[in-house]
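Student: Please see the structure below; I have some questions.
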């Protein structure tokens, strides 16, 4: 799913007022690298304790079409920790950011966090090969199942936890290999990139010493994977 995924207790995203969505391109040709940012209402682990697991507020922001050369730990961490350690306050307003390549992403904020949402959207799109289609769309959440008196999202501050890297170029090459060589031989020669969960922690105040190597491996091209070469270090 390319739009933002909001995980609530009963998995109900709710109903929204308004429209303006741009139809998504039905293929992965301009996905490139997809980053999924995970935020919780706790500053650092452990997140999924026995007491929190059923009520832990969580937000996912899925950003497609990211340029590999723009992915650095410092840049990603800075988007969600400056000027405040709290990225934004989650609430009942859905902000949707449409991009000129037909992709989009969204997440929930409250009324006072609209300016934070605008800044985050701008910073995130700068990581991609596209630009923002203005204006940003702010939609009021009506509640579960369209019931006007339904329980609304409890407002809470959100903090960045980690980012997941999904390299669509490697996935496309893997799927093509299954067609060209037969699935059994392709599975023997290549590892499905979707089964290699690359998670980069962003909750640390300082960059871990090993993180640059992990990012380079996760964002390599199919040629680099085949030859064993690594992409150049990003700055």
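The values are calculated or read from the model by the stated rules, or taken from the named source; none is laboratory data. All values derive from a computational prediction rather than experimental measurement. Glycine also receives a Cβ, built like all others from the backbone with ideal geometry; neighbour counts cover every protein chain displayed.
Student: Test each condition in (1) within 16 Å of the chain's Cα centre (by Cα); (2) modelled with pLDDT of 70 or more; (3) closer than 25 Å to residue 69 by Cβ for residue 194 and report the one that comes out false.
Tutor: (2)
Student: Identify, by number, the condition in (1) touching a strand residue (DSSP E or B) at 6+ places or on another chain (Cβ under 8 Å); (2) at pLDDT below 80; (3) within 30 Å of residue 206 (Cα to Cα); (4) loosely packed, with under 15 Cβ neighbours inside 10 Å that residue 45 doesn't meet.
Tutor: (2)
Student: If you don't mind, another one. Here are the criteria: (1) farther than 21 Å from residue 216 by Cα; (2) in contact (Cβ under 8 Å) with a residue 12 or more places away in the chain. Tell me which single one residue 128 does not satisfy.
Tutor: Tallying (1) farther than 21 Å from residue 216 by Cα; (2) in contact (Cβ under 8 Å) with a residue 12 or more places away in the chain, residue 128 fails exactly one: (1).
Student: All but one of (1) under 20 Å from residue 207 (Cβ atoms); (2) modelled with pLDDT of 95 or more; (3) touching a helix residue (DSSP H, G or I) at 6+ places or on another chain (Cβ under 9 Å) hold for residue 107; state the number of the condition that does not hold.
Tutor: (1)
Student: At pLDDT 95 or above, touching a strand residue (DSSP E or B) at 6+ places or on another chain (Cβ under 9 Å) and assigned to a strand (DSSP E or B), is that true of residue 157? Let's see the steps before the verdict.
Tutor: Working: at pLDDT 95 or above: yes; touching a strand residue (DSSP E or B) at 6+ places or on another chain (Cβ under 9 Å): yes; assigned to a strand (DSSP E or B): yes.
Here the answer is yes, as residue 157 does meet what is asked.
Student: May I ask you to say which residue of 89, 36 is modelled with pLDDT of 80 or more, in contact with a helix residue (DSSP H, G or I) (Cβ under 7 Å, 6 or more places away or on another chain), in a strand (DSSP E or B) and surrounded by fewer than 20 Cβ atoms within 10 Å (Cβ to Cβ)?
Tutor: On the way: 36 fails: in contact with a helix residue (DSSP H, G or I) (Cβ under 7 Å, 6 or more places away or on another chain).
After ruling out the rest, the residue left standing is 89.
Student: Further, regarding this structure: Name, by its number, the condition in (1) outside any loop (DSSP other than H, G, I, E, B); (2) on the phi > 0 side of the Ramachandran plot; (3) surrounded by fewer than 21 Cβ atoms within 10 Å (Cβ to Cβ) that does not hold for residue 65.
Tutor: (3)
For every residue, the table says whether it meets (1) crowded, with 21+ Cβ neighbours inside 10 Å; (2) on the phi > 0 side of the Ramachandran plot; (3) touching a helix residue (DSSP H, G or I) at 6+ places or on another chain (Cβ under 6 Å); (4) without any contact (Cβ under 8 Å) to a residue 40 or more places away in the chain.
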{"site": "76", "(1), (2), (3), (4)": "yes, no, no, no"}
{"site": "82", "(1), (2), (3), (4)": "no, no, no, yes"}
{"site": "95", "(1), (2), (3), (4)": "yes, no, yes, no"}
{"site": "112", "(1), (2), (3), (4)": "no, no, no, yes"}
{"site": "123", "(1), (2), (3), (4)": "no, no, yes, no"}
